[in-house]
1. Lys and Arg at +1, Asp and Glu at -1: add these up for the other residues within a Cβ distance under 11 Å of B:Ala22 and post the number.
2. So which aspartates and glutamates can A:Lys224 reach, going by Cα to Cα under 17 Å and dropping same-chain residues fewer than 8 places off?
3. Going from the alpha-carbon gyration tensor of the stretch A:9-102, what semi-axes, largest first and in whole Å, does one get by taking the root of 5 times each eigenvalue?
4. What does the charge dipole of the stretch B:169-320 about its Cα centre add up to, to the nearest 20 debye, if the Cβ of each Lys and Arg holds +1 and the Cβ of each Asp and Glu holds -1?
5. List the pairs from B:Lys174/B:Lys312; B:Lys167/B:Lys190; A:Lys10/A:Lys83 whose alpha-carbon separation is above 21 Å, in the order I gave them.
6. Placing +1 on the Cβ of each Lys and Arg and -1 on the Cβ of each Asp and Glu in the protein assembly as shown, which of A:Gln137, A:Val16, A:His104 has its Cα farthest towards the positive end of the resulting dipole?
7. Give me the mean projected area, in nm² to one decimal, of the convex hull enclosing the Cα positions of the protein assembly as shown.
8. Evaluate Rg over Rh across the stretch B:192-318, taking Cα atoms for both radii and Kirkwood's formula for Rh.
Amino acid sequence: MDPKLSKQIKTFATQVRIETMKEFKVRGFGHVGGALSIADTLAVLYEAVMKYDPKNPNWEGRDKLVCSKGHAGPTLYSILALKGFFPMDWLNTLNIPGTHLPSHCDKNQTPGIDMTTGSLGQGVSTSIGLCLGDTIQGRDCYTYLIVGDGELNEGQVWEGAQFAGHHKMDHLIAFCDYNKKQLDGYTADILDQRDIGAKFAAFGWDTQDINGNDADAVYEAIIKAKATPGKPHMIVLNTIKGAGVKAVEEMSANHHIVVSAELADQALADLEKLWAEQKG
Amino acid sequence: MNYKVNFTNEKEKRAMKDVFGATVAKMGEDPKFVYLDADLMSSIGTKKWADAHPTQAYNVGVSEANLAGMAAGLASSGLKPLAHTFGPFASRRCYDQVYLSIGYTKNDVIMIGSDAGVTAAYNGGTHMPFEDMALYRAIPHATVIDVTDSAMLENVLPKLLDMKGLKYVRLGRKEVLGVYEAGADFEVGKAALVKDGSDVAIIACGIMVAEALKAAAVLEAEGIKALVLDMFTVKPIDAEAVIAAAKKTGAIVTAENHNVIGGLGSAVADVLVKNTPVPMEMVGVQDEFGQVGPQDFLQNFYGLTSEVIVEKVKAVIARK
Ligand SMILES: Cc1ncc(C[n+]2csc(CCOP(=O)(O)OP(=O)(O)O)c2C)c(N)n1
């Protein structure tokens, strides 16, 4: 991994966490745990991997992204704002009347959001449709899919997995945010997922298991996936729910939380310190 | 039926989810009771009881089709299942399983859809059910209930346990404006008269009963006597009560936290056109999708307020 690129992505990931925590601070509550666990992967994708044009968000030749765990919208919103899809001050409007930034991703509300999500499981099929559509229309681009580990409970995930595997959709790169928790508690206690990679492999997918809060590992896994033709890709991200904000990481129930000013201020102080160090 | 109305326009002290949790715990005293949830126990106040009763409570994870189908199988095996998830997922996300494995197969199941209509608030449009009652009404012989307040919830829910067929109950999770005194007793399928009147009848359900009472007070001050009926059982609708209200007042306004297509308004209109056609207006969501925001903003946006009821009452009286 090129050290310069590595530094650049990690710095961006911290900036994304800062803006995301600011969104939650303004609103005072939200799906913080699952927004933070996926921050590194989304930062890698938008900083170093995906092709897109913020001035033309609907450009047909862009890579597409479906955040099927739609409640991680706030992380995506900070990235899209930082990349110039819309003004930074929209980030103060999360969930308020008339906002363009609702709690769950909405294609018709937010420039740069490629698919509406929020009903878990549905993004798997819609991402397959997007990817297949690009193939049918001869466009050379990738579709990226983010699913939660709890989301894997949905049968629809596996319906899609069968199709993508059967059709060898190698331009579909999926990530499972394996943060070990869902809404009511630990995924292993509710419905043990066992070996997620092995399950997708059984459906004909190419799979990898990585540290999903390590931006270098995420970047390298994507490069590796692209070099493996003939199969859709599942990158299992070993993550921590709440990653990057100590107080949230340490909460036992951190799916949807109240974000006090103290919590947010402490998180922002820590993140800004880290950001200054990273920028060097 | 035996209830006292005590409407003070104040939020109840207990959140509906806490009342729901306590009621489920009570229902659990029946050894045949089984509780299923799709990863939303902590959201509806049942997690503590469920954790303590692992052979009576099961978390099926985020899998609503499986939730509905399992409930059907449990019923066929001789148990009394109650299954909960948010309203959109308890209706649209598992409709065929509910329709076929529960409804058509004649399995006795209680399905609960929480976050009724605009009470889904900050979860936004994807999570805001304006069509759940319409979908459940379309299933033959289903019972559909929109809960008014905590007194009704704790009284009506246990009654459903030994009722035949498919029962769908929608409710909010937060504190609501209380309408009834604690200890109230209701009869499923019979409307509750909450205020008598002679000039117009407002037929409401769910959170709109409180709005109807607020509207009735405003109208009273202007000399208009509104009758208010709580039609908490939207199906089977209490046709007798609708007809009597129409005959007595000659004008009807319905009010629901739901699309006017397929919900309470449609059900009342159906009774009226066949029996006693009188002028009628519908307060409810006018064929729109949901969106994100606080509940009061959403109620204003979609016209689910006492002010809109007052307007519609005046409009309907003018049409008499
Ligand atoms: C179909 C559906 N059922 C239920 C929900 C409510 N819900 C939102 S997030 C969530 C838990 C998801 O867990 P996971 O996929 O692990 O997400 P993460 O931990 O990454 O936030 C649930 C049950 C939903 N959004 N969609």
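1. Numbers: positive: B:Arg14, B:Lys17, B:Lys26, B:Lys48; negative: B:Asp18, B:Glu154.
Within the 11 Å Cβ shell, the charges total +2.
2. Straight-line reach from A:Lys224, under 17 Å: A:Asp2, A:Asp170, A:Asp206, A:Asp209, A:Asp214, A:Asp216.
3. Details: eigenvalues 82, 49, 29 Å².
Calculated on Cα positions only, the semi-axes equal 20, 16, 12 Å.
4. Values: 15 positive and 20 negative charges, 66 e Å.
About 320 debye.
5. On the way: B:Lys174/B:Lys312 28 Å; B:Lys167/B:Lys190 15 Å; A:Lys10/A:Lys83 15 Å.
Cα-Cα > 21 Å for B:Lys174/B:Lys312; rest within.
6. Selected residue: A:Gln137.
7. Details: hull surface 111.0 nm².
Over all viewing directions, the protein assembly as shown projects a mean Cα-hull area of 27.8 nm².
8. Values: Rg = 13.4 Å, Rh = 14.2 Å.
Rg divided by Rh gives 0.94.
Throughout, read-outs are computed from the coordinates displayed, never taken from laboratory work. None of these values were measured; they are calculated from a predicted model. Counting neighbours? That spans all protein chains shown, and the Cβs are built from the backbone with ideal geometry, glycine included.
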